[in-house]
Amino acid sequence: MSGGGPPPYFNIPPDRALSQLGDPTDTKDLARISETYRRGWQDMTGSGLPEDDRRVLRPFSTWEITTYLIPVAPQHFRRVLRQNPDLPQGRSETEGGARWFTLEEVLRLRAFFGAEGSRSKEYLPYRPKGLPARIVAIANVKGGVGKTATCAHLAMSAAMDGYRVLTIDLDSQGALSSMFGVRAEDEWQTVFPLLARHYGETLRADNQRRIDRGEPPVALDDTLAKALKIRASDLIRPTHWPNVDMIGAQLTLTRAEFQIPLWRMASRGWKQWSALTDSLAADGVLDRYDLILIDTPPALGYLTINGLAAADIILVPLGASLAEFEATGRFFDLLHSTFSAIEESENIAARALGREELHFEWDAIRAVMTRYDADRQAETAALIQAHLGPGLSPHRQDFTALIGQAGAPVRGIYEIDYRDLNRETYARSRESFDRTYAAFKALLLGLWRRDELKRG
């Protein structure tokens, strides 16, 4: 022991330990404890949370806009504003100081430059008309690999790029929901009613067949009756990012993991893995957004399967360590066995009935290296890159203490005001996230362009 004497866990007097005990905790105390945590969380994150629990997105300076958001020289940007007084002019905190703009104003300015600016510059993001939103699931059964941070930063990057984004939180821990300031009061403000509605619609169809055969129908319970009235638009909430919406999550979303297998046992014909996909499509969500990003829990349960089955693209974050590399390999083993089993189970009946067989397919699956420390992990990262080749995104997302530890980041790097640091530190911190988005955007645009050419 550095201070001498026995370790602190020796010679603890039981009577002293007894004197330090508090009263037992009952259910009423749980509410008090919960309120303590809620207020503490608000206090610790209060710089971004006003009284109504909604986050407020910081403004963006002329320097940021002309460096990162709109490809135009600062002098030309200012000249265009002077010539067009109806455009947002921003606000200055000091006489003659830098002008600051909200993201809504930036999007208006981007639209103006897109309509009036040079045709040789990409003022507006590429997005073929008539194609549905791309759905991206971020998944890995390994916890602490930065799934939520990756999902959040891709959503923020795409929003600043001008895309309309929907984020869906399937993780009952609700870290993504907290990051975007969306509070789901119970499971009825999560994806749960969409899954329940999908099963309820299957049960109604089953009942119609029972009636046609002269058999009594199965009664719909209160849960299903309530879910049948709910649409995705009832669940989607705005966030403090003007073009990022969300379907949030909270702990009671775990109800789905228990309820889905019971529904599946009651109706063997229910395709539970497509419940999220079918519900989003039926409610017109794919036409309202450009990009749908799904944050999944660190387990291959029914919610994760729904998210993966809905996805066009799967992104798999992993750290540059052999342990995470092995765990991610086991994740792909699980994916293979799970989706192969679903296909085989469904296709036995499909072949017997002469129906089209089920075949899962994704446009792309990419691993993304996260929380990378070049000083300690360069050799391991190079080995992983050599083994995975194009299956691993070429850009490594650096670790930065600015967004907090893995699991529940409070703010994204793009939400940090560079005046709290300096321009150089801010630019350096966001660089790897910019590169991650660039690699993802290249993938996204390639897929959209392929489908555009196929359509003719």
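The values are calculated or read from the model by the stated rules, or taken from the named source; none is laboratory data. As the structure is a computational prediction, the values presented were derived from the model and not from experiment. As a convention, Cβ positions derive from the backbone with ideal geometry for all residues, glycine included, and neighbour counts pool all protein chains shown.
Of note:
- Of the listed requirements (1) within 30 Å of Pro128 (Cβ to Cβ); (2) not in a helix (DSSP H, G or I), Asp287 misses just one: (2).
- Number of the condition not met by Lys226 [criteria: (1) surrounded by fewer than 23 Cβ atoms within 10 Å (Cβ to Cβ); (2) within 30 Å of Phe112 (Cα to Cα)]: (2)
- The set of residues in segment 272-295 that are in contact with a strand residue (DSSP E or B) (Cβ under 9 Å, 6 or more places away or on another chain), surrounded by 21 or more Cβ atoms within 10 Å (Cβ to Cβ) and of a type in the set (A, V, I, L, M) comprises Leu276, Leu280, Val285, Leu291, Ile292, Leu293, Ile294.
- With respect to the conditions (1) touching a residue at least 40 places away in the same chain (Cβ under 8 Å); (2) β-branched (Val, Ile, Thr); (3) not in a strand (DSSP E or B), Thr338 falls short on a single one, namely (1).
- Yes/no for Leu402 being in a helix (DSSP H, G or I) and at pLDDT below 85: yes
- Of the residues Gly181, Gly146, the single one that is in contact (Cβ under 8 Å) with a residue 12 or more places away in the chain and farther than 17 Å from Thr436 by Cβ is Gly181.
- Any pair with Cβ under 7 angstrom, 6 or more apart, that starts in segment 429-456 at a residue that is closer than 20 Å to Ala149 by Cα and ends at one that is among the basic types (Lys, Arg): Ser432/Arg396; Leu443/Arg366; Leu444/Arg134
- Note on segment 298-335: residues that are of a type in the set (Gly, Ala, Ser), surrounded by 16 or more Cβ atoms within 10 Å (Cβ to Cβ) and touching a residue at least 60 places away in the same chain (Cβ under 8 Å) amount to 6.
- If the condition is being more than 12 Å from Phe440 (Cα to Cα) and in a strand (DSSP E or B), then segment 383-399 contributes only Asp398.
- Residue among Leu87, Leu57, Leu109, Leu81 that is surrounded by 14 or more Cβ atoms within 10 Å (Cβ to Cβ) and in contact (Cβ under 8 Å) with a residue 60 or more places away in the chain: Leu57
- Segment 366-382 - residue that is touching a helix residue (DSSP H, G or I) at 6+ places or on another chain (Cβ under 7 Å) and not in a helix (DSSP H, G or I) and, of those, modelled with the lowest pLDDT: Tyr372
- Residues that are in a strand (DSSP E or B) and either more than 22 Å from the chain's Cα centre (by Cα) or surrounded by fewer than 18 Cβ atoms within 10 Å (Cβ to Cβ) (or both), drawn from segment 238-271: Pro238
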